[in-house]
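*Asks:* What follows is a structure written as structure tokens; I'll ask about it next.
The values are calculated or read from the model by the stated rules, or taken from the named source; none is laboratory data. Keep in mind it's a predicted model, so treat the numbers as computed, not measured. Positions of Cβ are backbone-derived with ideal geometry, glycine not excepted, and every protein chain shown enters the neighbour counts. Note: accessible area is taken over every heavy atom of the protein model, side chains too, but ligands, DNA and RNA are not part of it. Shrake-Rupley method; radii C 1.70, N 1.55, O 1.52, S 1.80 Å.
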Amino acid sequence: MPESPAHLKITQEGDVAIVEFTESRILDEVNITEIGHALGGIVESRERPRLLLDFANVDHLSSAALGMLININNRIKQRNGQLRLAGIKPQIMEVFVITKLNRLFRIAPSRSEALATFE
Amino acid sequence: MGRRLRFIIPSVFAQGQEVQKRIMAEVEKHHYCENAAFAIKLAVEEALINAIKHGNKLDPHKTVSVEASVTPTRAEIIIEDQGAGFDRTKVPDPRADENLERLHGRGILLMEAYMNKVQWLKGGRRVRMVRRNDDSPGGGCLSCVQNP
């Protein structure tokens, strides 16, 4: 079991790393940088990373957080991995829809449904 | 009904967060509905980041001025930096297919989507945003008004 960095709780289900955001706000620039480094570390430590990000605790996020997620998605794709997002609350989902990033990311309503979509 | 808050802060994120907290305390005091409060928090966050990072380029000698008026029915927030300004009409649409994977450039879109009115003034150095206290998910103005 990997050690969970600040702002994140990391568990493993099969070969999928499940990352839960432990704070309700992914706004702050410093936090976002730290989260980006932590997620990047998970991606770089795996040959074909399979990552599930669980947003169940997240009430706010900013455009900087969206940029961080796109960066992680790109790095995962470079390593032929897969990224899934799950548990996004309606208000946060609207942010993804407004920015049309719901077209870029694979988003499932729940963690279990997201797990079922890994190929 | 509502008092006018005024702040002048250096270009430091932590100071911006304090301003955001003070504005949101006024919003909470007036019992804004959930969607309006969410919209104001997001738009103020994005506008402050724009002013501190993109406007003043994190120069601690440059300041950001903020004025906020929050009444039970509407919130008006004006944020001004000391940077070079920008032309709103030249900012690419981050929703376009060719821009979808770009890491930056969504803050303005979110501000304009969530507030009822967004005006870019003084060549882009000043933004004036208004949000009514109603429960529509986004203010949905998405039609910026740019003045010289």
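*Asks:* With just the Cα atoms defining each centre, how far is the stretch B:54-132 from the stretch B:1-49? Give it in Å.
*Replies:* Answer, in whole Å: 14.
*Asks:* Another question, if that's okay. Nearest 500 deg cm²/dmol is fine: what mean residue ellipticity at 222 nm does chain B get from its DSSP H runs of n ≥ 4 alone, each adding -39,500 (n - 2.57), divided by its residue count?
*Replies:* Per the formula, -9000 deg cm²/dmol.
*Asks:* Restricting to Cα pairs below 8 Å that are 6+ residues apart, what does the relative contact order work out to for the stretch A:13-119? Please round to a whole percent.
*Replies:* Once divided by the residue count of the stretch A:13-119, the mean separation gives 29 percent.
*Asks:* Relative contact order, percent, of chain B when contacts are C-alpha pairs under 8 Å separated by at least 6 residues?
*Replies:* 27 percent.
*Asks:* For the stretch B:1-46, just say rounded, prolate or oblate: build the C-alpha gyration tensor, square-root its eigenvalues into a ≥ b ≥ c, call rounded for a/c under 1.5, and beyond that prolate if a/b exceeds b/c, oblate if not.
*Replies:* Oblate.
*Asks:* Leaving ligands, DNA and RNA out of it, work out the accessible area of A:Phe118 with a 1.4 Å probe and give it in Å² to the nearest 10.
*Replies:* Probe radius 1.4 Å; accessible area of A:Phe118 about 30 Å².
*Asks:* For a test of the definition: using alpha carbon positions, the gyration tensor, and the 1.5 limit on a/c, classify the stretch A:19-78 as rounded, prolate or oblate.
*Replies:* Because a/c hits 1.5 or more and a/b exceeds b/c, the stretch A:19-78 counts as prolate.
*Asks:* Could you give each residue of the stretch B:61-76 its phi-based ³J(HN,Hα) in whole Hz, using Karplus coefficients 6.51, -1.76, 1.60 with θ = phi - 60°, and x for Gly or Pro?
*Replies:* Computed from phi, the couplings for the stretch B:61-76 are 7, 8, 10, 10, 9, 10, 10, 9, 10, 10, 10, x, 9, 7, 10, 10 Hz.
*Asks:* Here is a further query. If you count only protein heavy atoms and use a 1.4 Å probe, how large is the accessible surface of B:Lys117, to the nearest 10 Å²?
*Replies:* Approximately 90 Å² of B:Lys117 is accessible to the 1.4 Å probe.
*Asks:* Order B:Lys57, B:Lys41 by their accessible area, 1.4 angstrom probe, all chains in place, largest first.
*Replies:* Largest to smallest exposure gives the sequence B:Lys57, B:Lys41.
*Asks:* Hey, another quick one. From the phi angles alone, apply the Karplus equation (6.51, -1.76, 1.60; θ = phi - 60°) to the stretch B:8-25 and give each ³J(HN,Hα) in whole Hz, x where the residue is Gly or Pro.
*Replies:* Rounded to whole hertz, the list is 10, 10, x, 7, 10, 4, 4, 5, x, 5, 5, 4, 4, 4, 5, 5, 5, 5.
*Asks:* For chain B, which whole percent of the accessible surface, found with a 1.4 angstrom probe, sits on carbon and sulfur atoms?
*Replies:* The computed percentage sits at 52.
*Asks:* Further, regarding this structure: Whenever you get a sec, line up B:Tyr114, B:Tyr32 from highest to lowest accessible area (probe 1.4 Å, protein heavy atoms).
*Replies:* B:Tyr32, B:Tyr114
*Asks:* Which of the lysines could a cross-linker bridge to A:Lys89, judged by Cα under 21 Å and excluding same-chain residues fewer than eight apart?
*Replies:* A:Lys9, A:Lys100, B:Lys41
*Asks:* For A:Thr22, A:Thr11, B:Thr73, give me the order by solvent-accessible area with a 1.4 Å probe, most accessible first, ignoring ligands, DNA and RNA.
*Replies:* Result of the area sort, largest leading: B:Thr73, A:Thr22, A:Thr11.
*Asks:* When 1/r is averaged over all different Cα pairs and the result inverted, which Kirkwood radius in Å belongs to the stretch B:1-83?
*Replies:* 12.7
*Asks:* Within the stretch A:1-100, list the trypsin sites (Lys or Arg not before Pro) lying in a DSSP loop whose Cβ has at most 15 other Cβ atoms in a 10 Å radius.
*Replies:* Those satisfying the criteria are A:Arg46, A:Arg79.
*Asks:* I would also like to ask the following. On average, how many beta carbons from a partner chain sit within 10 Å of the beta carbon of a residue in B:102-109?
*Replies:* Average neighbour count from other chains, rounded to a whole number: 5.
*Asks:* A further question follows. May I ask you to work out the translational diffusion coefficient for the stretch B:84-124 at 20 °C, viscosity 1.002 mPa s, via Stokes-Einstein with Rh from the Kirkwood sum over Cα pairs, reported in whole µm²/s?
*Replies:* 189
*Asks:* Further question: Could you give log10 I(q)/I(0) at q = 0.08, 0.10, 0.15, 0.16 Å⁻¹ for the protein assembly as shown, computed by the Debye formula over C-alpha point scatterers of equal weight, without solvent?
*Replies:* Scattering profile of the protein assembly as shown, log10 relative to I(0): -0.33, -0.52, -1.09, -1.21.
*Asks:* Is chain A rounded, prolate or oblate when judged by the Cα gyration tensor, a ≥ b ≥ c being the square roots of its eigenvalues, rounded requiring a/c under 1.5 and prolate requiring a/b larger than b/c?
*Replies:* It comes out rounded by the Cα gyration axes.
*Asks:* Given Cα pairs under 8 Å that are at least 6 residues apart, what percent is the relative contact order of the stretch B:20-94?
*Replies:* Relative contact order of the stretch B:20-94: 29 percent.
*Asks:* Could you give me D for the stretch B:6-148, from Stokes-Einstein at 4 °C and 1.567 mPa s, where the hydrodynamic radius is the Kirkwood radius over C-alpha pairs? Units µm² s⁻¹, please.
*Replies:* It diffuses with D of about 85 µm²/s by this estimate.
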